[in-house]
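Data first, discussion second: the structure below is written as structure tokens.
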Amino acid sequence: MTARTLITVAPTGAESAKADVPALPVTLAELVDTARACATAGASVIHVHIRDDATQPTLDLGRLRATVAALRAETDLVVQLSSGGAVTDPEADRLAVLDAEPDAASCTMGTVNFGTDVFLNRWDFVVELHNRMREREIVPEYEIFDLGHLAALHRLLDRHGPPYGGHVHCDLVMGVPGGMPGTVQALTAAVQMLPAGATFSATGVGRATVPVLLAALSAGGHLRVGMEDTLTFAPGQPVRDNAQLVHRAASIAELALRPAMPVAEARALLGIRDRRPAPAQAATGA
Ligand code: KMH
Ligand code: ZN
């Protein structure tokens with residue numbers, strides 16, 4: 001068990017509408033402000049989905065590049081782009097996300113029902129994503145929505161080798177309607193199936209947020225929180241902003257005697273290649 005807790009913030013996602021959730025960061029300026037506040041609150045990784053001028057989800061490469069550059073210039077956070085996008089995004093666009101040269105990217109390990117939609121992740125697509133990330137020295141976070149996705153991860157690593165950086169890090173996404181539930185039992189089963197030496201974070205969608213957070217900490221795991229997954233802070237109380245969720249996660253991690261992990265330690269744990277401009281590297285002694 002690591003002594004500290006890596007906290008990832010997933011501030012936006014592709015599913016909620018700005019009109020319904022005014023606090024959702026959808027412009028680059030809102031995203032950068034959010035990233036700064038979440039870094040101060042204890043996050044070390046940001047999982048990024050972006051929106052277009054009409055606040056709709058987009059995988060536009062120019063915008064992705066500008067987003068990576070801005071987050072790198074304004075924060076120290078590990079910049080992890082979503083390769084999952086929205087359920088409607090074509091595979092070619094999802095692969096092209098890597099052209100924006102993020103530090104890390106998500107890599108979902110199989111298909112899952114996603115409410116009334118289907119989040120499609122064909123085996124050949126997953127292999128292509130994994131291999132391209134390795135070639136480009138981008139660290140994957142393997143997104144696990146169901147136990148079968150862990151069986152697929154074992155197969156992927158056996159057949160195609162370890163990811164760039166050599167360390168396997170998974171994110172258990174729990175409580176999606178169609179995926180594994182956000183329960184202690186499901187989390188325990190998933191943890192038992194992790195590849196040897198792998199680390200994990202967990203995120204519980206909606207009502208599963210706090211139970212999954214507590215279970216993950218107890219099981220020695222790390223945390224992902226944010227408005228991609230959680231819009232209600234407590235019954236009847238909408239989330240104020242992403243930093244509120246990060247602050248709660250960091251406070252509970254502190255109570256559990258596994259305080260939030262500094263960014264430099266998260267970079268080392270995940271095996272991130274440092275793409276920050278030289279002054280930023282010097283400032284953190286990297
Ligand atoms: N928006 C979901 C369809 C990821 O970012 O890689 C996929 C998702 C997973 O959020
Ligand atoms: Zn996502």
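Answer with yes or no whether residue 54 is over 17 Å from residue 247 (Cβ atoms) and touching a Pro at 6+ places or on another chain (Cβ under 8 Å). Walk me through how you get there before you give the answer.
Details: over 17 Å from residue 247 (Cβ atoms): yes; touching a Pro at 6+ places or on another chain (Cβ under 8 Å): no.
For residue 54, the condition - over 17 Å from residue 247 (Cβ atoms) and touching a Pro at 6+ places or on another chain (Cβ under 8 Å) - is not met.
Criterion applied to 131, 113 was being touching a residue at least 40 places away in the same chain (Cβ under 8 Å), away from ligand 2 (no atom under 16 Å from the Cβ), farther than 22 Å from residue 8 by Cα and surrounded by fewer than 23 Cβ atoms within 10 Å (Cβ to Cβ), and the one residue passing it is 113.
Which one of these is in contact (Cβ under 8 Å) with a residue 60 or more places away in the chain, charged (D, E, K, R) and out of contact with any strand residue (DSSP E or B) (no Cβ under 9 Å at 6 or more places or on another chain): 76, 53? Lay out the reasoning, then the answer.
Working: 53 fails: in contact (Cβ under 8 Å) with a residue 60 or more places away in the chain.
Sole residue among the options that is in contact (Cβ under 8 Å) with a residue 60 or more places away in the chain, charged (D, E, K, R) and out of contact with any strand residue (DSSP E or B) (no Cβ under 9 Å at 6 or more places or on another chain): 76.
Right, residue 6: of a type in the set (A, V, I, L, M, F, W, C), within 16 Å of ligand 2 (Cβ to nearest atom) and surrounded by 18 or more Cβ atoms within 10 Å (Cβ to Cβ) or not? Here the answer is no, as residue 6 does not meet what is asked. Could you tell me whether any residue of the range 52-65 is within 16 Å of ligand 1 (Cβ to nearest atom) and under 15 Å from the mean Cα position of the chain (by Cα)? No; the residues of the range 52-65 include none that is within 16 Å of ligand 1 (Cβ to nearest atom) and under 15 Å from the mean Cα position of the chain (by Cα). Taking into account only those residues within the range 149-196 that are assigned to a strand (DSSP E or B) and of a type outside the set (Asp, Glu), which is surrounded by the fewest Cβ atoms within 10 Å (Cβ to Cβ)? Selected residue: 177.
Among the residues of the range 95-104, is any among the small types (Gly, Ala, Ser), farther than 23 Å from residue 251 by Cα and away from ligand 1 (no atom under 13 Å from the Cβ)?
In the first step, residues of the range 95-104 are kept if they are among the small types (Gly, Ala, Ser); the result is 96, 100, 104.
Add one more test, that the residue is farther than 23 Å from residue 251 by Cα, and what stays is 96, 100, 104.
Still in the list and also away from ligand 1 (no atom under 13 Å from the Cβ): 96, 100.
Checking the range 95-104: at least one residue is among the small types (Gly, Ala, Ser), farther than 23 Å from residue 251 by Cα and away from ligand 1 (no atom under 13 Å from the Cβ).
Each value in this text was obtained by applying a stated rule to the coordinates, not by laboratory testing. Nothing here was measured: the structure is a model prediction, and the numbers come from that model. All Cβ positions, even for glycine, are placed from backbone atoms using ideal geometry, and neighbour counts span all protein chains on display.
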